[in-house]
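Take a look at the structure below.
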Amino acid sequence: MATSLTTGRPWRVILSFSIPLLLGNVVQQMYQFADVVVVGRHLGVESLAAVGATGSLLFLLIGFAWGLTSGFAIPIAQAFGAGDGAAVRRSVATGVILTGITSVVLTIVAPLIAAPTLALLQTPDELMAEATIFTQISFIGASATMFFNFLSAIIRAIGDSRTPLIFLTVSCALNVGLVILMVGPLDWGVAGAALATVVAQAVSVVLCLEFVRRRLPMLHLRRADRRVTRDDIREHLRLGLPMGFQASIIAIGTLVVQVALNTLGSEAVAAYTTASRVDGLAVAFLSSLGLASSMYTAQNLGGRRPDRIRRGVVEGTWMAIAAGIALGGVIIAFGAPLVRLFVGEGAAADGVVELAHLMLIINGCGYWALGVLFVLRGALQGLGHTLVPTVTGVIELVMRVGAAIVLGALIGFEGVALSNPLAWLGAIVLLVPAYVRAHRALGRMRVDPIEATETSTMAIIGPTDGSMVVDAVVTQPVRVVRTSRFARLTRR
């Protein structure tokens, strides 16, 4: 249900929007959890390491797709905040076209380069066969991943972060059942684990489409909406490509880390894999605050409320710091038992647990910095900034690669693990002053809330004030505006 983020106490709005995102992130982690737990316990540590060896490569391409579709949602959020229904639909149409083109390219090209890339990454010979199969099947299903990310992003852009959570939960439950069936009784090995995830995500796409058809008439495209212009495509690519490129830059850093791990052996790969799964759960809330900050900022930018943006980002940053400190304490205290859930008992598992817990301790000490990174980068992206968020991705790459190569060679696995917090700290060194400049620019702007000066209709499911959810279509008088000039002011 569409909800405005332009009214209410900023910290409460951001927090309430981020909670479903948090739960959604946790549910998404269950995809990987199901793969790792079932593969690790039914197929053994070597198969677990094979699946883990694919993580960085999958993130490189699918992470780019995720960043791209998230960028496509920003103009939708800005148009929704401005009350411009025609611009919302036109933005959706543009995103559908660009997402479809990207999906086709990924589905055709990515499976062909899977094996050569894994070999280039120095994947151990004993892991190559299973790692290649898992990667190729995952890439063949890239279209499902792309469109679910895009559909979820546009639903969140109009203020609804709960519906994607519902679809994720259903999809995750299906995924868990399919993994158990395909890896267990059907004995399809790691191929079954990959196929289960693809099928589950395809189901989630169907659920999103049906929801849009039944409940969100404001997103129903008309013939005129499909006539996208070069300016529409240019604006979406201006926002989407840097976010996709940023995700790819980060992924390149993780690829280098993967190479360093591969030289340390299967035990190090398995340890990093399991620690990353636990780490993913721990940072889910922080990344949710970042995405919530992006959508909050974009809607309030469209609604011409710079005062709310300033206050909301400051409050969101303090929430992220507090959450990072608390999460760090929990992960340091309970990291080892959580890792044990993945690898079971035995002498081989003991070594994996020890290394994985070491990585969790190192990461846990830096979660506060990661929280600041997510919120400030999300806010800048919501304002339409592209340069600084992309440069911070480059900084993360340099820091992560440097630590993995230099410290990994000097002190082994511990040096590779240090690459994450060092990359986070390096990024916020640039993000903090960049946002301070934007914060000051927002402070010089006149607060000019959108007022009803021209009557046009915009079909919305839900309230017009964001106070509660109402399952009805209402007609909202709006002034048709363009947010591009207002957005440019914050980038000066």
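Scan the stretch 79-101 for residues that are more than 25 Å from the chain's Cα centre (by Cα) and part of a helix (DSSP H, G or I) and jot them down. Hits for the stretch 79-101 are G85, A86. Check off (1) of a type outside the set (K, R); (2) open to solvent by 10 Å² or more (accessible area, probe 1.4 Å); (3) in contact with a helix residue (DSSP H, G or I) (Cβ under 7 Å, 6 or more places away or on another chain) for W318 and give me the number that stays unchecked. Looking at each condition in turn, W318 falls short on (3). The single condition among (1) surrounded by fewer than 22 Cβ atoms within 10 Å (Cβ to Cβ); (2) touching a helix residue (DSSP H, G or I) at 6+ places or on another chain (Cβ under 7 Å); (3) at pLDDT below 90 that V203 does not meet is (3). Within the stretch 52-70, one or more residues are buried (at least 23 other Cβ atoms within 10 Å of the Cβ), of a type in the set (V, I, T) and closer than 21 Å to A193 by Cα.
Out of V92, V13, one residue alone is within 23 Å of H385 (Cα to Cα), touching an Asp or Glu at 6+ places or on another chain (Cβ under 8 Å) and among the β-branched types (V, I, T). It is V92. Report yes if L255 is of a type in the set (A, V, I, L, M, F, W, C) and surrounded by fewer than 18 Cβ atoms within 10 Å (Cβ to Cβ), otherwise no. So L255 does not fit the description; no. Within the stretch 288-305, does at least one residue satisfy the condition of being open to solvent by less than 30 Å² (accessible area, probe 1.4 Å) and aromatic (F, W, Y)? Yes; the residues of the stretch 288-305 include at least one that is open to solvent by less than 30 Å² (accessible area, probe 1.4 Å) and aromatic (F, W, Y).
Among the residues of the stretch 49-68, those that are closer than 16 Å to A191 by Cα, part of a helix (DSSP H, G or I) and at pLDDT 80 or above comprise A49, A50, V51, L58. Filtered by the rule that a residue be out of contact with any helix residue (DSSP H, G or I) (no Cβ under 8 Å at 6 or more places or on another chain) and either modelled with pLDDT of 85 or more or buried (at least 18 other Cβ atoms within 10 Å of the Cβ) (or both), the stretch 218-245 gives T229, R230, D231, R234, R238. The helices (runs of 4 or more DSSP H) found entirely in the stretch 381-427 that carry 3 or more residues being open to solvent by 10 Å² or more (accessible area, probe 1.4 Å) and among the β-branched types (V, I, T) are 387-402. Only a single criterion out of (1) without any contact (Cβ under 8 Å) to a residue 60 or more places away in the chain; (2) open to solvent by less than 20 Å² (accessible area, probe 1.4 Å) is not satisfied by G40, namely (1).
Condition check for D279 on (1) surrounded by 18 or more Cβ atoms within 10 Å (Cβ to Cβ); (2) more than 16 Å from the chain's Cα centre (by Cα): one failure, at (2). Is it the case, given these coordinates, that I101 is free of Cβ contacts under 8 Å to residues at least 40 places away in the same chain and of a type in the set (V, I, T)? Considered against the rule, which asks whether it is free of Cβ contacts under 8 Å to residues at least 40 places away in the same chain and of a type in the set (V, I, T), I101 comes out as yes.
For the stretch 149-192, a residue qualifies if it is open to solvent by 10 Å² or more (accessible area, probe 1.4 Å), over 15 Å from G24 (Cβ atoms), without any contact (Cβ under 8 Å) to a residue 40 or more places away in the chain and assigned to a helix (DSSP H, G or I), and the qualifying residues are L174, G177, L178, L181, M182. Within the stretch 98-128, being at negative phi and surrounded by fewer than 15 Cβ atoms within 10 Å (Cβ to Cβ) holds for G100, I101, V104, V105, I108, V109, L112, P116, A119, L120, D125, E126. Here the condition is being small (G, A, S), touching a residue at least 60 places away in the same chain (Cβ under 8 Å), surrounded by 21 or more Cβ atoms within 10 Å (Cβ to Cβ) and under 21 Å from L219 (Cα atoms); of A93, A144, A131, it holds for A144 alone. With respect to L221, is the statement that it is in contact with a Gly (Cβ under 6 Å, 6 or more places away or on another chain), farther than 19 Å from G141 by Cβ and of a type in the set (A, V, I, L, M) true? It is false that L221 is in contact with a Gly (Cβ under 6 Å, 6 or more places away or on another chain), farther than 19 Å from G141 by Cβ and of a type in the set (A, V, I, L, M).
The values are calculated or read from the model by the stated rules, or taken from the named source; none is laboratory data. Small disclaimer: the values here were computed from a predicted structure and weren't measured. Positions of Cβ are backbone-derived with ideal geometry, glycine not excepted, and every protein chain shown enters the neighbour counts. SASA here: full protein model, heavy atoms, side chains in, ligands and nucleic acids out. Shrake-Rupley method; radii C 1.70, N 1.55, O 1.52, S 1.80 Å.
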